[in-house]
Amino acid sequence: MPHTPPPNKKLSRATSLDSPPEKTIFRIDTVDLDLPSTNNGSTSMAADDQSQDEEHSAHSVLFPSMRLMLAAMLCCCFITLSISSSNLAVALICMTSCPVHGYGGTLEWQSQQEGLVLAAQNAGSLIMIVTGMWADRLNGKWMVFIGLLLCCIGNLMLPLLASKSFWFAVLARISIGASDACLMPAVNSLITRWFPQAERPAAIGLISGGRQIGTLFILPTAGYLCTRKDILDGWPAIFYLSATISVLVTVFWIPFGADKPAKQICISSREKEFIETRIACESIGKRTDRTRRVPYGAMLHSKPLWACIFALICHEYPLVIMLQFLPNYMRDVLEFAPTKNGIIAALPILCLFLSKTFSSSLSSYLTTKLRLDKTFVCKGFNAVASAGLAICISFVPFFNKESAFLAVFCLCGAMIFAGLHTPGVITAMVQIAPAFSGIITGWSFFAVAWFSIGNKILTKYIVQSGSVTEWGMVFRVSALVAALPVIVFTIWGSADREWWAAPSSKCSVASFHRPSIRDRSREMSRATSSTSLGQQSRVSSTR
């Protein structure tokens, strides 16, 4: 029976069986061709093996790296989800009447009703507690497909039925939240099955960057469509466009998406072997394996896991204000018109996208090139992110429409710091237990959904007239929440794999690697020598 490390003991290199560090990102290590010049037999065999390797690598003709292609497709899935999530932020300004500023739509919704519609998306996300529990057992490709389908349904339902009752709008946003509940755990589970450890921070940055790309696209586009009553009566065109994008991404995902490298029809044999050998040490296991037990007890008592969940809640709380209520703030306090509102509101999102993309690549560089400790890098990025986000948000209430550019500057600075959470707590969540990444994602975002529901209802309760004082209270509360992970995650957070997620069998890391040509030559030489010695012994025995 294998020895189980105590909970308070950090796994050593030999025990954790981490895969060797990569030298490149989204590429395959080259085959060792350094052979002795005196061994003619080995050299000829090396040439044969090299030609076979070239044959294997020539199979992937559609894309240089299929895992980079998968990351791009998952990024498009998050673009779809982000468009579907953020379109209501601007559309709500054109849909409902605004007695304070005198412009808007024909829907007579009260402030509390608007809060319920906004919170309905997070209510749909609550089923992530179920989808997360099954994400590591169900086929990730079809979970993503269901998420894209729910996006299409929600976007079509809202413009068609919202005028009859705001409860139809609530149901439409619940569908968008359910889409998020399917996508998030499935994508995290796919990341652990497609990308080695060293590539995961960069992969997470690229994939999750789709959220910001989608928001950058839909905010100014929605602001423009709001003013074009000649295009499908204005605001309904926003949701019809979102549904069309959902259909297009779904059409490309079905043939090219895959649950694991072995099921990808376009991947080369060489890349498939590379991925499988690099993740073999993590004991992820097959989805169909029903004998594997989930260590719920150890997970519930894991301080790093709870530190990650707490830090994620505190990170997402101010982002809800930025992503869902920023157009309302710019309308009420900065007094921007809808078209200008959509363009200016996209600037902080652009800063978030650039920040998380560059910081994720920097994190991969620090861990692979400079060989810095993963936990140290994650804690450092997360501490700077939380502190900077809190400081920038706390300055926003000091500005009004006369100094609007300073308010926008602080909002952009806040999103730059928020992007550093990606190589921080977001990466740590995937690294501490790769085999149970779906369950951890489900637990984490289930908690985030509850706090986001309370956040939206509370914000709409505080902001009744849209005054500077009301919005100042909202931003100060967000700043306080954003600062808490500086203490909690820095003390109890971790990016090292937990002892309860370690493999049950101890095997050499080298045994999972594809042998180099030199190694195979040496093995053949030893086999030939042993055969000749056996023949000599039999001859001597007959004599």
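The values are calculated or read from the model by the stated rules, or taken from the named source; none is laboratory data. None of the values given here were measured: they were computed from a predicted structure. When we count neighbours, we look across all protein chains shown, and the Cβ atoms used for this are built from the backbone with ideal geometry, even at glycine. The accessibility values were calculated without ligands, DNA or RNA, using every heavy atom of the protein model including side chains. Shrake-Rupley method; radii C 1.70, N 1.55, O 1.52, S 1.80 Å.
Within the bounds of segment 401-422, is there any residue that is assigned to a loop (DSSP other than H, G, I, E, B), in contact (Cβ under 8 Å) with a residue 60 or more places away in the chain and in contact with an Asp or Glu (Cβ under 9 Å, 6 or more places away or on another chain)? No, that holds for no residue. If you check 446, 398 for being within 18 Å of the chain's Cα centre (by Cα), open to solvent by 40 Å² or more (accessible area, probe 1.4 Å) and not acidic (Asp, Glu), only one passes: 446. Criterion first (outside any helix (DSSP H, G or I) and either over 23 Å from the mean Cα position of the chain (by Cα) or in the same structural domain as residue 491 (by the TED database) (or both)) does residue 352 satisfy it? No, not satisfied. Flag set for residue 381, criterion: in a helix (DSSP H, G or I), in contact with a helix residue (DSSP H, G or I) (Cβ under 8 Å, 6 or more places away or on another chain) and of a type in the set (Phe, Trp, Tyr). Of all the listed residues (236, 220), the sole one being open to solvent by 10 Å² or more (accessible area, probe 1.4 Å) and either within 26 Å of residue 419 (Cβ to Cβ) or touching a Phe, Trp or Tyr at 6+ places or on another chain (Cβ under 9 Å) (or both) is 220. Residues that are open to solvent by less than 30 Å² (accessible area, probe 1.4 Å) and either among the charged types (D, E, K, R) or modelled with pLDDT of 80 or more (or both) within segment 327-350 comprise 329, 330, 331, 332, 333, 334, 348, 349, listed in sequence order.
When segment 139-149 is limited to residues that are farther than 16 Å from residue 248 by Cβ and not charged (D, E, K, R), the one that is most open to solvent (accessible area, probe 1.4 Å) turns out to be 142.
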